[in-house]
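*Asks:* Okay, handing you the structure first.
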Amino acid sequence: MEVVRQFFWGVFGSVAVEVVRLVQACRAGNPLPKHVQAPGYWALRLLQAIVAGFLAVAFQAASPLVALEIGAAVPAIVLSWERRRDLSKFKK
């Protein structure tokens, strides 16, 4: 798959997660959370979606579905790196 397609499928995977969260909140009859109404939140979400695209490229996603899954999993992927870094302090 071409790099541009990998990137945009990764971005779409990240955005899809946010869309599902907002739809679930609306269906449950809950008001939108205050942080969703802040411009800073959307700037960070855009940054996260861009990171998702780059990670889909970095992992060389073989198909749109794989790139989409990588994009959706970006928070878990990045947090796993942080956990591994914290654990490495104890290995001597």
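*Asks:* Could you work out how much longer the chain between Lys34 and Ser63 gets when fully extended? Use 0.36 nm per residue separation minus the Cα distance between them, nm to one decimal.
*Replies:* 6.8 nm
*Asks:* Determine how many Å³ per residue the convex hull of the Cα atoms of the chain encloses. Could you put the intermediate results ahead of the total?
*Replies:* Values: hull volume 11.2 nm³, N = 92.
Looking at the chain, the number lands at 121 Å³ per residue.
*Asks:* For every helix of n ≥ 4 consecutive DSSP H residues, a contribution of -39,500 (n - 2.57) applies; sum these over the chain, divide by its total residues, and give [θ] at 222 nm rounded to the nearest 500 deg cm²/dmol.
*Replies:* -25000 deg cm²/dmol
*Asks:* For the chain, give the magnitude of the charge dipole about the Cα centre (Cβ charges: +1 Lys/Arg, -1 Asp/Glu; no others), in debye to the nearest 20.
*Replies:* It works out to roughly 460 debye.
*Asks:* Quick one: compute the contact order of the chain, relative version, from alpha carbon pairs under 8 angstrom and 6+ residues apart, as a percent. Please report the intermediate quantities before stating the final value.
*Replies:* Working: 94 pairs, mean separation 42.2, N = 92.
Relative contact order for the chain comes out at 46 percent.
Read-outs: derived from the displayed coordinates by stated rules, not from any lab. The model shown is predicted, which means the values in this text are computed figures rather than measured ones. Positions of Cβ are backbone-derived with ideal geometry, glycine not excepted, and every protein chain shown enters the neighbour counts.
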